[in-house]
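For reference, the structure discussed in these notes is given below.
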Amino acid sequence: MGLHCNDKEQLVTESIAGEIYDQNADQMVITNTENSSSNEGQSDDHLSIDTTDKNSAEEDAYNEWKMRHPSALNKFDKMMSIAKEKKLVVFLDYDGTLSPIVDDPDRAFMSDSMRSAVSKVAQYFPTCIVSGRRRDKVYDFVRLNELYYVGSHGMDIMAPLKCSKNASSSFHEKAIDENGNEVVVFQPAQEFLPIIEEIFDELEEQTKEIPGIMIENNKFCVSVHFRRVDEEYWGVLEEQVVEIANKYPSLHLTRGRKVIEIRPSIKWDKGRALEYLLDTLGFANDGDAIPVYIGDDRTDEDAFKVLRNRGEGYPIIVSSIPKDTKASYSLRDPSEVMSFLSLLFKWKRSSSVDWE
Ligand SMILES: [Mg+2]
């Protein structure tokens, strides 16, 4: 079962993120109980040695991984040394990058200080939020007008009209955003909208007996969140989701952090959205751009790959454990992301060279 295999890794991820479940804490309790029964009086020592060894082994593994994916904070000066003459473009995933991972996806709020850091960066650089969520939901969390918003894993892009000079495609539509500003909306998977609605209704109906389940309509994909579902239901849930997905050959399943998603099978993802924004909206195909992409999810790997293939920019993964990734650099958690954004702002403010 995909759910079970993937989840071991995820538990560790989440425990270190400190948001969900502390697997290590459980292990410590077990060790402690065993020691208490057989080695009375020594249990504290054993516990501290076991835990210390485990922690230092994890730290060693993380440090070894960081040799290959160095901290973007430590390498900041080096990264920016070649950026002075170029156009920096900033791409930010939302969940787990700007906000902590939380039990209830509707409460994944970003802090005011993070919002301020993003806003400051956007004063100097085109800044895009790239998320798997619905575009309007991401906007509700971030609430900054000056940004580009990419929702539904790249299938729903909104850009300020003034920046879309090269835009010309049958998928483009002019629209008015929530604040009355003229924008351009690009939706390459528009034809799937009715099917997604249908699947959403069906999933809600089929899984309504499963406690803690949350089905989210992300407009161009349906997300099944099982973060709050007891493990005993995971097998049944997976079967139900797979069964429904199988009825729609033009869609497919993907898996993220405690979430399964049903998505249109079109060649479009966060990586394609990144290319679209860079190339079509006029940021660059002249080699002058330096895209910085920061994300923590498997779906962000598509964007990391694009940067690798283009041979430009900085793919940065947010992770507090070693992870297989195409990213070149790393940041440990959202607080380090905030530090990086603050450095970026201060670097630009003190620099006399304008990106334009
Ligand atoms: Mg994420």
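What follows draws every value from the coordinates through simple rules; no lab data is involved. In this text the structure is predicted, and so the values were computed from the model without any measurement. Don't worry about glycine lacking a Cβ; one is built from the backbone with ideal geometry, like all the others, and counts go over all protein chains shown.
Across the range 201-332, the volume of the C-alpha convex hull divided among the residues equals 124 Å³ per residue.
Karplus-derived 3J(HN,Hα) values for the range 300-306, using 6.51 cos²θ - 1.76 cosθ + 1.60 with θ = phi - 60°, are 6, 4, 4, 6, 4, 4, 4 Hz; glycine and proline are entered as x. Annotation: amide H of residue 290 within the under-5 Å range of 87, 88, 89, sequence separation 5 or more or interchain, hydrogens built in the peptide plane. Here's how it looks for residue 101: its modeled amide H is under 5 Å from those of 96, which are all 5 or more places away or on a different chain. Ranked by the mean number of other Cβ atoms within 10 Å of their residues, highest first, the peptides 81-90, 180-189, 151-160, 52-61 fall in the order 151-160, 180-189, 81-90, 52-61.
Karplus-based coupling profile of the range 109-123, in residue order and whole Hz: 6, 8, 6, 4, 5, 5, 4, 5, 5, 5, 4, 5, 4, 5, 5, with θ = phi - 60° in 6.51 cos²θ - 1.76 cosθ + 1.60 and x standing for Gly or Pro.
Under 5 Å between amide hydrogens, built in the peptide plane, is the criterion, and for residue 297 it picks out nothing among residues at least 5 positions away or on other chains. With the simple spin-label model, which puts each label point 7 Å out from Cα in the Cβ direction, the residue 145 to residue 312 separation comes to 3.1 nm.
Coupling constants for the range 87-100 follow from the phi torsions by the Karplus curve (6.51 cos²θ - 1.76 cosθ + 1.60, θ = phi - 60°), and in residue order they are 9, 7, 10, 10, 10, 10, 5, 9, 5, x, 10, 9, 10, x Hz; glycine and proline get x.
Pairs of alpha-carbon atoms within less than 8 angstrom and 6+ residues apart define the contacts here; what relative contact order does the range 191-264 have, in percent?
29
Label positions at residue 335 and residue 197, each projected 7 Å from the Cα along the C-beta direction, are separated by 4.5 nm. When each of the peptides 270-276, 134-140 is scored by the mean number of other C-beta atoms lying within 10 Å of its residues, the order from highest to lowest reads 270-276, 134-140. Find how many whole Å separate the alpha carbon centroid of the range 53-79 from the alpha carbon centroid of the range 127-158. Distance between centres, Cα-based: 30 Å. Rg over Rh for the range 191-264 works out to 0.93, both radii taken from alpha-carbon positions and Rh defined as the Kirkwood radius.
Each residue, residue 57 and residue 111, gets one label point 7 Å from its Cα in the Cβ direction; the gap between the two is 3.3 nm.
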